[in-house]
1. Let me confirm something: among K205, K170, which residue is part of a helix (DSSP H, G or I) and either surrounded by 10 or more Cβ atoms within 10 Å (Cβ to Cβ) or without any contact (Cβ under 8 Å) to a residue 24 or more places away in the chain (or both)?
2. For segment 178-207, give me each residue that is under 27 Å from F79 (Cβ atoms) and among the charged types (D, E, K, R).
3. Step by step: first the residues of segment 55-66, then only those that are within 21 Å of R168 (Cα to Cα) and of a type in the set (D, E, K, R), then the one that is surrounded by the fewest Cβ atoms within 10 Å (Cβ to Cβ). Which residue is that?
4. Condition first: assigned to a loop (DSSP other than H, G, I, E, B), open to solvent by 70 Å² or more (accessible area, probe 1.4 Å) and without any contact (Cβ under 8 Å) to a residue 60 or more places away in the chain. Now tell me which residues in segment 67-97 satisfy that.
5. Anything in segment 138-150 that is out of contact with any Lys or Arg (no Cβ under 8 Å at 6 or more places or on another chain) and either open to solvent by less than 10 Å² (accessible area, probe 1.4 Å) or in a loop (DSSP other than H, G, I, E, B) (or both)? List them, or say none.
6. Scan D134, D105, D130, D120 and give me the residue that is under 17 Å from I45 (Cα atoms), assigned to a loop (DSSP other than H, G, I, E, B) and of a type in the set (D, E).
7. When only residues in segment 114-132 that are among the hydrophobic types (A, V, I, L, M, F, W, C) and surrounded by fewer than 13 Cβ atoms within 10 Å (Cβ to Cβ) count, which is modelled with the lowest pLDDT?
8. Checking the conditions here, which among K182, K153 is over 19 Å from the mean Cα position of the chain (by Cα) and either surrounded by 11 or more Cβ atoms within 10 Å (Cβ to Cβ) or on the phi > 0 side of the Ramachandran plot (or both)?
Amino acid sequence: MAAAAPPPPPTAAPEPNMVAPLISPIGHPMFSRIRLATPSDVPFIHKLIHQMAVFERLTHLFSATESGLASTLFTSRPFQSFTVFLLEVSRSPFPATITSSPSPDFTPFLKTHNLDLPIDDPESYNFSPDMLNDVVVAGFVLFFPNYSSFLSKPGFYIEDIFVREPYRRKGFGSMLLTAVAKQAVKMGYGRVEWVVLDWNVNAIKFYEQMGAQILQEWRVCRLTGDALEAFDQVNI
C-alpha cells in the first residue's frame, strides 16, 4: 500500500492591510444609439412597420410600400413634418462624435447597457445597415407636429413607436419615448400625444409608469378609404 502524500504546507494568512479584490460579473455589454432616420433607412422602416402591424393584429390594414414611404416621409426638414428616430444597437461602442447630421437641432442619444444574457436576434441580418459591422436596427418612433389651441403651443403626435421582439423589456421603448419628449421640451412644445390599443395592457401600464395620462373619455375618429374618397363628390 502506497504511503499517503504529505499534507500541503499551511497558507500564510493575509496581512491586515490586504483586501481581496472584488469580483463583479462581466455581463454582456450592449451599446445603443437613437439617431434621425434618412431616406436610406426606408427598407428598415418598412420592415419595422410591417412587424408592428403583425404585433397589433392589423395586417389587413397594412398597404405601405418602400416607394410610398420614401416619397412621403422625407419631404421637409426634420421636426417640421414627419420625423423618424431610429434605434440601433451594437456590441461595439458607437462613435461619440457625429460628423454629419440631418438636423443641427438634434444630437443622437448614446447609451451603454449591461445585460445579464446576450440577445438572440435571428433576424439581425435583415436589419443591419452595414454588413461590415454588427450594428442592428432594433426599433423606431415616427412622429410629427400638431397644435393645441388650448395651450396655444405646438406639440408632437407619435404615430408609431415600436421595438422588435428580441429587444423588448430592456428599456429601449422608454429611450425612444424619452427622446421625443426631450425634443419637445427643447423646442418649447406643449405636449406629446399618442394612442394605445385598449387590449395592450402592458403598453398601457408602461405609459402610465412614464407619467402619461390615459384619456378614457376620448375616442379616435377616422375617415379613410372609400369613406374619405366620397368627399371628393360633396359640394361645400
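1. Values: K170 fails: part of a helix (DSSP H, G or I).
So the residue among K205, K170 that is part of a helix (DSSP H, G or I) and either surrounded by 10 or more Cβ atoms within 10 Å (Cβ to Cβ) or without any contact (Cβ under 8 Å) to a residue 24 or more places away in the chain (or both) is K205.
2. If the condition is that a residue be under 27 Å from F79 (Cβ atoms) and among the charged types (D, E, K, R), then K182, K186, R191, E193 are the ones that fit.
3. R57
4. From segment 67-97, those assigned to a loop (DSSP other than H, G, I, E, B) are 73-82, 91-97; that's our starting set.
Restricting the remaining residues to those that are open to solvent by 70 Å² or more (accessible area, probe 1.4 Å) gives 75, 77, 80, 82, 91, 93, 95-97.
T75, R77, P95, A96, T97 - these are the residues of segment 67-97 that are assigned to a loop (DSSP other than H, G, I, E, B), open to solvent by 70 Å² or more (accessible area, probe 1.4 Å) and without any contact (Cβ under 8 Å) to a residue 60 or more places away in the chain.
5. Quick first cut of segment 138-150, residues out of contact with any Lys or Arg (no Cβ under 8 Å at 6 or more places or on another chain) only: 140-146, 149-150.
Result: F140, V141, F143, S149, F150.
6. On the way: D134 fails: under 17 Å from I45 (Cα atoms); D105 fails: under 17 Å from I45 (Cα atoms); D120 fails: under 17 Å from I45 (Cα atoms).
Selected residue: D130, the only one of D134, D105, D130, D120 that is under 17 Å from I45 (Cα atoms), assigned to a loop (DSSP other than H, G, I, E, B) and of a type in the set (D, E).
7. Of all residues in segment 114-132, those among the hydrophobic types (A, V, I, L, M, F, W, C) come to 115, 117, 119, 127, 131-132.
Then drop every residue that is not surrounded by fewer than 13 Cβ atoms within 10 Å (Cβ to Cβ), which leaves 115, 117, 131-132.
Numbers: L115: 93, L117: 92, M131: 70, L132: 65.
The qualifying residue modelled with the lowest pLDDT is L132.
8. Numbers: K182 fails: over 19 Å from the mean Cα position of the chain (by Cα).
Answer to the check: K153.
The values are calculated or read from the model by the stated rules, or taken from the named source; none is laboratory data. It should be emphasised that the depicted structure is a prediction, and the values quoted were computed from it without experimental measurement. Please note: Cβ atoms are built from the backbone with ideal geometry, for glycine as well, and neighbour counts cover all protein chains shown. Surface accessibility is based on the protein's heavy atoms, side chains included, excluding ligands, DNA and RNA. Shrake-Rupley method; radii C 1.70, N 1.55, O 1.52, S 1.80 Å.
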